[in-house]
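Take a look at the structure set out below.
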Amino acid sequence: MTPWWRDAVFYQVYPRSFADSDGDGVGDLRGVVARLDHLERLGVDAIWLNPVMVSPMADHGYDVADPRDVDPLFGGLAALDELIALAHARRIRVTVDLVPNHTSSQHPWFRAALAAAPGSPERQRYLFRDGAGPAGSAPPNNWVSVFGGPAWSRVTEADGSPGQWYLHLFDAEQPDLNWDNPEVFADLEATLRFWLNRGVDGFRIDVAHGMAKPPDLPDMELDARGLLAAGNDDPRFNHAGVHDIHRGIRAVLDDYPHAVTIGEIWVFDNAEFAKYLRADELHMGFNFRLVRAPFEAARIHDAIANSLAAAALGGASPTWTLSNHDVDREVTRYGGGERGLARARAMAMVMLALPGAVFVYNGEELGLPNVELPDEVLQDPVWERSGHTERGRDGCRVPMPWEGSAPPFGFSTNPVTWLPIPPEWARLTVERQAADDGSTLNFFRELIRLRRNVFRFHGNHVEWVRHDENVLAFRSGGVLCVLNAGDRAVPLDGGRLLAASSALTGGRLAPDSAAWLV
Ligand code: NOJ
């Protein structure tokens with residue numbers, strides 16, 4: 001039987017930004033419950049919730065202090081139980097984020113490690129090392145944090161003396177766990193079973209190519225910095241030992257056959273990527289090739305062809321995503337304004353025509369652009385850690401505009417939201433777009449409906465009909481998808497028109513547009 005997730009449309013909910021039910025200006029789980037109609041109307045199969053576990057929110061939930069409880073900010077465990085039950089009643093699955101590479105510095109384990117002596121069992125759960133150089137005053141190696149600055153912070157020992165260093169590939173509030181310590185896996189297993197027993201349908205696994213580290217922690221090449229820039233031989237990631245961890249996770253998941261794992265894998269070598277997808281490892285891997293491809297036919301073709309090849313090598317089904325909470329929204333990436341939006345709509349057609357699981361990020365269905373936020377409201381740790389040279393990811397995390405004509409557009413009853421919503425989003429609200437046949441929202445609704453009702457996917461088969469510097473055409477699931485990434489209209493032939501991202505003139509597809517034909 002085909003698993004439910006194979007060709008599913010997942011909707012990524014960034015809980016802080018989706019809907020606020022209690023008026024504190026930050027989204028929460030009862031906010032999601034209150035807006036389930038929107039998801040049902042959109043026709044998605046599943047939700048992926050960014051982390052909602054107990055957290056001091058240094059990285060908005062990716063710093064987990066208690067992996068088996070929900071933060072009160074999001075409504076606590078009862079709110080998640082409610083969401084799971086009510087989403088399931090509408091046949092929407094619920095998957096949650098799992099953060100196994102690191103914990104919060106407020107996790108009881110890390111607090112105990114700080115209180116304990118060097119070499120103690122408490123310190124063995126993390127990556128503590130003595131410093132280099134005289135008096136150990138230099139970091140143990142040259143690794144840099146993905147968020148900027150060194151990947152090591154020095155602690156003060158209990159007697160007040162300058163002490164050991166601990167590794168954090170991300171923020172200093174996110175110490176990396178020592179995956180060579182069996183206690184770490186035992187605890188993860190408890191976490192997996194805890195959520196699976198509560199009814200979650202699977203996990204998006206954060207930094208799934210992290211966790212394992214080379215034992216001698218060799219220096220890295222210093223030009224490989226951010227996640228996007230990480231090369232294939234970056235010692236911080238993709239260490240061979242990671243595959244044993246995934247086998248351990250899969251063995252637990254196999255007790256819950258309906259559940260799925262999707263790893264966040266920033267690895268761009270197809271053979272290396274495919275290793276994560278072996279039958280006893282992850283079910284699926286996020287690949288970020290479409291996110292990285294500019295709006296050029298050849299680059300989009302390569303991204304699709306490589307994603308299909310990597311998934312095929314691993315014997316798995318591919319995944320597709322154009323945006324998420326870590327990258328600039330595609331409307332902006334493709335040039336912004338009307339042109340950026342036209343291209344984003346065209347790419348939505350490309351993505352939704354492909355076999356495999358598709359991930360739509362909240363607000364993508366409204367055609368939201370990135371927001372240029374003023375310095376004083378920025379919250380992403382990247383802003384501080386980069387010494388104010390990189391603005392970080394807040395611009396793609398601005399809360400959803402639901403209704404009305406002024407901020408906060410029904411997102412909250414509180415006029416002060418955790419990030420400000422631009423007044424010009426009045427024309428992008430769900431309410432406004434629902435009433436407009438030509439809106440991006442209604443376009444997404446229609447595409448998802450057609451994907452469900454018309455496409456008949458057979459495995460991962462995609463047949464290339466044309467790919468040159470201007471046009472991409474492929475047949476998938478019985479539908480011909482044509483993308484015009486050139487600067488001239490192209491004649492459309494090859495069947496009856498099912499949908500198009502812009503109006504056709506004289507049977508021709510305009511630049512920056514796509515169409516589906518049967
Ligand atoms: C990847 C997540 O998507 C990102 O938001 C987070 O900051 C890092 N992992 C660290 O957990």
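Tabulated data
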{"item": "Sequence-distant residues sharing a close amide H with residue 164 (under 5 Å, placed H)", "result": "155"}
{"item": "Added length on full extension, which subtracts the Cα-Cα distance from 0.36 nm per residue, residue 466 to residue 219", "result": "84.4 nm"}
{"item": "Gyration tensor verdict on segment 310-393 (Cα atoms; rounded if a/c is under 1.5, prolate if a/b is larger than b/c, oblate otherwise)", "result": "oblate"}
{"item": "Rounded to whole Hz, the Karplus (6.51, -1.76, 1.60) HN-Hα couplings of segment 265-275, x for glycine and proline", "result": "10, 8, 10, 10, 8, 4, 5, 5, 4, 4, 4"}
{"item": "Pair residue 302, residue 280: separation of 7 Å Cα→Cβ label points (nm)", "result": "3.6"}
{"item": "FRET efficiency, residue 4 to residue 69 (Cβ-Cβ, R0 22 Å, nearest 0.05)", "result": "0.20"}
{"item": "Cα gyration tensor shape of segment 121-163, rounded if a/c is under 1.5, else prolate or oblate by comparing a/b with b/c", "result": "oblate"}
{"item": "Cut-off under 5 Å, modelled amide H: who pairs with residue 509 long-range", "result": "490, 492"}
{"item": "Local electrostatic count at residue 283 - Lys and Arg +1, Asp and Glu -1, tallied over other residues with Cβ under 10 Å", "result": "+1"}
{"item": "Segment residue 247-residue 116, extension gain: residue separation times 0.36 nm, minus the distance between their alpha carbons", "result": "44.0 nm"}
{"item": "Ordering of 197-206, 100-109, 130-139, 411-420 by burial proxy (mean other Cβ atoms within 10 Å per residue, highest first)", "result": "100-109, 197-206, 411-420, 130-139"}
{"item": "Amide H partners (placed H, <5 Å) of residue 126, local residues excluded", "result": "178"}
{"item": "Relative packing of 499-506, 143-150, which averages over residues the other C-beta atoms within 10 Å, highest first", "result": "143-150, 499-506"}
{"item": "Span from the segment 265-340 Cα centroid across to the segment 82-103 one, whole angstrom", "result": "23"}
{"item": "Anisotropy class of the chain from Cα gyration tensor, a/c 1.5 cut", "result": "prolate"}
{"item": "Value at 222 nm in deg cm²/dmol, rounded to 500, when DSSP H runs of n ≥ 4 in the chain each add -39,500 (n - 2.57)", "result": "-7500 deg cm²/dmol"}
{"item": "DSSP-defined beta bridges in segment 1-120 - what % are antiparallel, rounded to 5", "result": "20"}
{"item": "In nm, spacing of pseudo-spin labels at residue 40 and residue 142 (7 Å Cα→C-beta vector)", "result": "5.8"}
{"item": "Calculated FRET value between residue 256 and residue 85, using beta carbons and R₀ = 22 Å, to 0.05", "result": "0.80"}
{"item": "Listed residues 177, 83, 377: farthest to the positive end of the dipole of the chain (Cβ charges)", "result": "83"}
{"item": "Distance in nm between pseudo-label sites at residue 437 and residue 190 (7 Å out along the Cβ direction from Cα)", "result": "5.9"}
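Readers should treat all values here as calculations from the given coordinates under stated rules, not as data from a laboratory. Bear in mind the structure is a predicted one, so any value in this text is a computation, not a measurement. No Cβ is skipped: glycine too gets one built from the backbone with ideal geometry, and neighbour counts run over all protein chains shown.
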